[in-house]
Each structure stands twice: as C-alpha cells, then as structure tokens.
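Peer 1: Quick one: the structure is below, and I'll ask about it shortly.
The values are calculated or read from the model by the stated rules, or taken from the named source; none is laboratory data. On a predicted model such as this, the values are computed, not experimentally measured, just so you know. No Cβ is skipped: glycine too gets one built from the backbone with ideal geometry, and neighbour counts run over all protein chains shown.
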Amino acid sequence: MFEKIRETLNEVTEIANKCPEEFRLKCFEILLDALVKAEFSTTTPTASITAKPTEIQPSFFTQYEISVAEWERVFHFDGKSYSIIVKDLKEKATAKKQVKLALLLGVKSLLETGEPTISKGELVDICKTYSAYDASNFAVHMKKQRDLFIFGKDTWSLTVPGQQKAAEIMKELAQ
C-alpha cells in the first residue's frame, strides 16, 4: 500500500512542479488531498444533487472565499443542474467574454460533476447566447489562455490558476 502511495506522491510532485511557482504549493496541496481521500476513504461519497453547492464542493468556495449570496448571483440551481444567470459579463471585447464564459462553465461542471471540465460545444453555444462567438478567432483566443485551461480535442479543463481566475470572476460578477 505504501509503495503505491509513494509512486503516486511522486506523480503528484511532478504535476505540481509543472505549475507556475506561485501556484505550486496550492496545486500540491489539492492533489495530495485528493490522493489521501482516494487512498484512505472508507465511505462512498453520497452528496445529493439537490444539495447546495457549498455541500458538494465546499473546498472550492472555502478556498476562494465565495459566499452563498455571491454564487447565487452567478448561478441558478434547479435541483438537477446549474445555469449561468449573469446578464452582464462586464466586458466589451468578444475574446474576454469568451474566456469568462469558459471559466464559468468550468465552475458549473465542477459543481455538477466534481470535475472542472468544459465542453467545446457547450462553450460555443453559450458564447453565441452572449454574443461572444467569433468563429474565425474562437480557437485563437482560447489557445492564448494556456495558463487557465488544459486543452483536449473536444473537452478542456480548468487549471488551478484557471479555477482561481474563475473565483475572481464570480466575485466580480456578483457585485
């Protein structure tokens, strides 16, 4: 058992060392926490989908000091899923709106599934809704944000700095 933990701990250290220096410690702590929970948990998580997000992902809200009042100004929870309800993204530039929407979708996914992933198709759809979709420059704008997203073919993930930026945006939009 300890050999497996040692190997996994080495992997955690390697991953954390790939983060920018100012985020390494936080990344290491998050990954180590996940490792410990996975290795030593004797119960299966049973969070109800009807629970408040602070009960499903307390670490995200606690870590970034986001109050219930703040997240409720950004997201609506209907008992099954979350919807982004912000009217004004407080941006003029299409590229900046697009990035904000991607970050919010990552948080939405984190709340619903526990994973901060973004479907490219869902991002395109919401960008169109917010008049923030520029087909010719969509990929160019997103790929400039390598510190915030890990890019896959059709699904992207928020990095630790991406989650931090998403929390900042939630606070800004909640005002």
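Peer 1: Filter region 69-115 down to residues that are basic (K, R) and without any contact (Cβ under 8 Å) to a residue 40 or more places away in the chain, then give me how many there are.
Peer 2: So the answer is 6.
Peer 1: Within the bounds of region 102-110, is there any residue that is more than 27 Å from R24 (Cβ to Cβ), out of contact with any Pro (no Cβ under 9 Å at 6 or more places or on another chain), small (G, A, S) and surrounded by 20 or more Cβ atoms within 10 Å (Cβ to Cβ)?
Peer 2: Within region 102-110, not a single residue is more than 27 Å from R24 (Cβ to Cβ), out of contact with any Pro (no Cβ under 9 Å at 6 or more places or on another chain), small (G, A, S) and surrounded by 20 or more Cβ atoms within 10 Å (Cβ to Cβ).
Peer 1: When you check K90 against the structure, is it assigned by TED's automatic domain parsing to the domain that holds S157, of a type in the set (K, R), touching a helix residue (DSSP H, G or I) at 6+ places or on another chain (Cβ under 8 Å) and surrounded by fewer than 20 Cβ atoms within 10 Å (Cβ to Cβ), yes or no?
Peer 2: yes
Peer 1: Just to check your reading of the model, which residue among T62, T50 is in contact with a strand residue (DSSP E or B) (Cβ under 9 Å, 6 or more places away or on another chain) and at pLDDT below 85?
Peer 2: Just one listed residue meets the conditions, T50.
Peer 1: Here is a follow-up. Can you tell me which condition N137 does not meet? The list is (1) farther than 29 Å from S59 by Cα; (2) within 15 Å of the chain's Cα centre (by Cα); (3) not acidic (D, E), and all the others hold.
Peer 2: (2)
Peer 1: Follow-up question, since we're still on this one. Sort out which residues of region 61-103 are in contact with a Leu (Cβ under 8 Å, 6 or more places away or on another chain) and polar (S, T, N, Q), and write them in order of number.
Peer 2: Q98
Peer 1: Within region 131-164, which residues are touching a helix residue (DSSP H, G or I) at 6+ places or on another chain (Cβ under 6 Å), buried (at least 20 other Cβ atoms within 10 Å of the Cβ) and part of a helix (DSSP H, G or I)?
Peer 2: Passing the criteria: only V160.
Peer 1: What are the pairs, 6+ residues apart or on separate chains, where a residue within region 130-153 that is within 16 Å of L103 (Cα to Cα) and in the same structural domain as L105 (by TED's automatic domain parsing) has its Cβ under 7 Å from a residue that is in a loop (DSSP other than H, G, I, E, B) and of a type in the set (A, V, I, L, M)?
Peer 2: Y130/L89
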